[in-house]
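Chemist: Below is a structure I'd like to ask you about.
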Amino acid sequence: MKPKIPISAAIIGAGNRGKDVYGNYALKNPEEIKIVAVAEPDPIRLKIISQDHNIPLAYQFKTWEDFFKKPKLAETVIICTQDQMHTQPALKAIEQGYDVLLEKPMAVTPTDCVLLVESVKKNKSQLRIAHVLRYNNFFQTIYSFIKSGKLGDIITIDHRENVSYYHYAHSFVRGNWSQEKTSSPMILAKSCHDLDILYWLVAIQGGHPQKISSFGSLRHFHKGNAPPGAPERCTDGCPVMDSCKYYAPRIYISIIPLLHVVQKGGSGVPKLMVNLAVNYPSLFKRLKNIIPLFKKVEEYEGWPVNTITENFSFQGRWDALCSGPYGKCVYQTSNDVVDHQVTIIEFNNQTTATFTMHGFSYTEGRTIRIDGTKATLLGQALDYGNTIKIYDHLTGKEEFILRTKMDFEPESGHGGGDRLLIKSFIESIREKSPVEPLTSAQESLESHMMAFAAEESRKKNLVINLDEFKSRF
Ligand SMILES: NC(=O)c1ccc[n+]([C@@H]2O[C@H](COP(=O)([O-])OP(=O)(O)OC[C@H]3O[C@@H](n4cnc5c(N)ncnc54)[C@H](O)[C@@H]3O)[C@@H](O)[C@H]2O)c1
């Protein structure tokens, strides 16, 4: 068999997704994809990714604008800039004949989403949106089960996105998605994946979303809940550092590394280790030579530690917290996105669904219950494992159709969805596949419209008719 030639790709935005997810995939799978060019304004990130992939100087750019001034430099472009910087580079890429893998959300306004779909139709490029959940084992198993007919007609779905308290604080209070005006509303930024899953599952039986309403607010993370005497930064001697679970040094120095290293749910982190790491770093360092777990925790370089600094040492992390956004008191930042939201959907085949997002979970994960006319499905996709259990109504039989332990390889985040999405994208480019990709721009447009409509419902206190809503754009 002839060896396959890797596809060539340019990365636009070499941050967490660009450098660490797609870049690392390319490093581990050089026979599949080669990163030949990059656009990234941060000089440290630009240097690291260029060194890692041997990208020549002439193929390194500071911005996407500079990149697209050149004629086509690769077969594909992977766009991983922040939410509000998706449409323009994607339009440019499509116009120049690139096949595009675009991070979600595809755009932050309905008009821009429509613009992208029209541009793809005109230019006949591939535009795939990174709705990674559709590719993973958990949702693929649910999809196949519904398709098999064994569930019967879907009557109702309860789906929850339980964002862990530390992930919510990291991304949506202190981090990149904390303000709507600089990113996008929570239902789009975080939950467009979930609405996309609901759209996709109900469509198996021909159902399309018809009516949507949504409620939610920012209830907890505001100045009114700041503990008396708490400084604006955790690192400035906070009087409640021992009792506040959002105390930043503990989160970034021990809790998250420890949770990821031991791959176990819950926030019951051994207190001793946390105290040693935060308050007695030199003793911790000595212990790490004797206790392998301590060593693994100190050397952890994965998400979200890799978003706060490029210097992973304890000192490096501490310095980042003293000056950057991730060291701020969670009750005293400029966040404005909701911390809980519930959305109700009725489909045109009378299936109903509820979707709840909240940022107060003990562990990270999604849960789903689907009641059909023949069986009930209960699914849990948690940080430390997946289960899907079926209860057959006629026989009374209970059966696990999935029971796995998840691992934390960075390239297989989202339960393997990241890896499988990239793989599928690469294969379709290589095979010049005529098959519509699983997460095409057209499909994503439909589920993004659900998110825009839900947000309008929440803000205006209305039930939104989706056909009427879509006709406006
Ligand atoms: N598919 C998923 O499940 C998933 C998960 C996380 C994030 N995301 C999405 O991926 C996108 C990127 O997220 P991230 O966490 O990697 O963000 P990030 O901030 O780490 O990376 C974005 C990068 O874009 C760079 N950039 C800024 N201006 C630029 C310009 N003019 N030209 C080129 N690059 C520029 C920034 O310097 C930064 O390095 C976001 O839209 C986010 O919502 C998707």
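Chemist: Being surrounded by fewer than 20 Cβ atoms within 10 Å (Cβ to Cβ) and hydrophobic (A, V, I, L, M, F, W, C) is the filter; apply it to the stretch 92-116 and report the residue that is nearest to the ligand (Cβ to nearest atom).
Modeler: Among those that are surrounded by fewer than 20 Cβ atoms within 10 Å (Cβ to Cβ) and hydrophobic (A, V, I, L, M, F, W, C), it is Leu115.
Chemist: Further question: I'd like the full set of residues that are within 8 Å of the ligand (Cβ to nearest atom) and touching a Gly at 6+ places or on another chain (Cβ under 9 Å), limited to the stretch 63-75.
Modeler: Selection gives Trp64 alone.
Chemist: Give me a count of the residues in the stretch 216-238 that are among the hydrophobic types (A, V, I, L, M, F, W, C) and over 22 Å from the mean Cα position of the chain (by Cα).
Modeler: The number of residues fulfilling the criteria is 4.
Chemist: Additional query: When the stretch 120-145 is examined, which residues are found to be surrounded by fewer than 20 Cβ atoms within 10 Å (Cβ to Cβ), in contact with a strand residue (DSSP E or B) (Cβ under 8 Å, 6 or more places away or on another chain) and among the small types (Gly, Ala, Ser)?
Modeler: Matches in the stretch 120-145: none.
Chemist: Is the stretch 11-25 home to any residue that is basic (Lys, Arg), farther than 14 Å from Ile426 by Cα and within 16 Å of the ligand (Cβ to nearest atom)?
Modeler: Yes: the stretch 11-25 contains one or more residues that are basic (Lys, Arg), farther than 14 Å from Ile426 by Cα and within 16 Å of the ligand (Cβ to nearest atom).
Chemist: If I ask for residues that are of a type outside the set (Lys, Arg) and within 8 Å of the ligand (Cβ to nearest atom), which ones from the stretch 26-62 would you list?
Modeler: If the condition is that a residue be of a type outside the set (Lys, Arg) and within 8 Å of the ligand (Cβ to nearest atom), then Ala39, Glu40, Pro41, Asp42, Phe61 are the ones that fit.
Chemist: Pairs needed: first member in the stretch 115-132, over 19 Å from Ile429 (Cβ atoms); second member anywhere, β-branched (Val, Ile, Thr); C-beta distance under 7 Å; at least 6 residues apart or different chains.
Modeler: Pairs that qualify, where the first residue is over 19 Å from Ile429 (Cβ atoms) and the partner is β-branched (Val, Ile, Thr), are Leu115/Thr87.
Chemist: Consider Ser178 carefully, then state whether it is among the small types (Gly, Ala, Ser), within 16 Å of the ligand (Cβ to nearest atom) and out of contact with any helix residue (DSSP H, G or I) (no Cβ under 6 Å at 6 or more places or on another chain).
Modeler: So Ser178 does not fit the description; no.
Chemist: Quick one: which strands (runs of 3 or more DSSP E) sit completely within the stretch 340-398 and have at least 3 residues that are at pLDDT 95 or above and more than 28 Å from Gly206 (Cα to Cα)?
Modeler: 352-361
Chemist: Continuing with the same structure: Residues to consider are Ser178, Ser213, Ser144; find the one that is over 16 Å from the mean Cα position of the chain (by Cα), outside the structural domain of Ile78 (by TED's automatic domain parsing) and over 25 Å from Gln380 (Cβ atoms).
Modeler: Result of the check over Ser178, Ser213, Ser144: Ser213.
Chemist: Test of understanding: among Asp196, Asp158, which residue is assigned by TED's automatic domain parsing to the domain that holds Ile401 and farther than 21 Å from Val108 by Cα?
Modeler: Every option except Asp158 fails the conditions.
Chemist: Go through the stretch 303-330 and report how many residues are hydrophobic (A, V, I, L, M, F, W, C) and surrounded by fewer than 16 Cβ atoms within 10 Å (Cβ to Cβ).
Modeler: Count: 1.
Chemist: Can you confirm whether the stretch 155-165 contains a residue that is farther than 26 Å from Thr363 by Cα, more than 14 Å from the ligand (Cβ to nearest atom) and either crowded, with 24+ Cβ neighbours inside 10 Å or over 22 Å from the mean Cα position of the chain (by Cα) (or both)?
Modeler: Yes: one or more hits.
Residue-wise test of (1) modelled with pLDDT under 95; (2) in contact with an Asp or Glu (Cβ under 8 Å, 6 or more places away or on another chain).
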| position | (1), (2) |
| --- | --- |
| Ala10 | no, no |
| Asp20 | yes, no |
| Pro30 | no, no |
| Ile44 | yes, yes |
| Pro56 | no, no |
| Lys62 | no, yes |
| Lys70 | no, no |
| Thr81 | no, yes |
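Chemist: Let me ask something else. Please specify each residue of the stretch 399-431 satisfying the condition of being in a helix (DSSP H, G or I), at pLDDT below 85 and in contact with a helix residue (DSSP H, G or I) (Cβ under 9 Å, 6 or more places away or on another chain).
Modeler: Those that are in a helix (DSSP H, G or I), at pLDDT below 85 and in contact with a helix residue (DSSP H, G or I) (Cβ under 9 Å, 6 or more places away or on another chain): Pro410, Glu411, Ser412.
The values are calculated or read from the model by the stated rules, or taken from the named source; none is laboratory data. This structure is a prediction, so every number in the text was calculated from the model and none was measured. Positions of Cβ are generated from backbone atoms using ideal geometry, with glycine treated the same way; all protein chains shown enter the neighbour counts.
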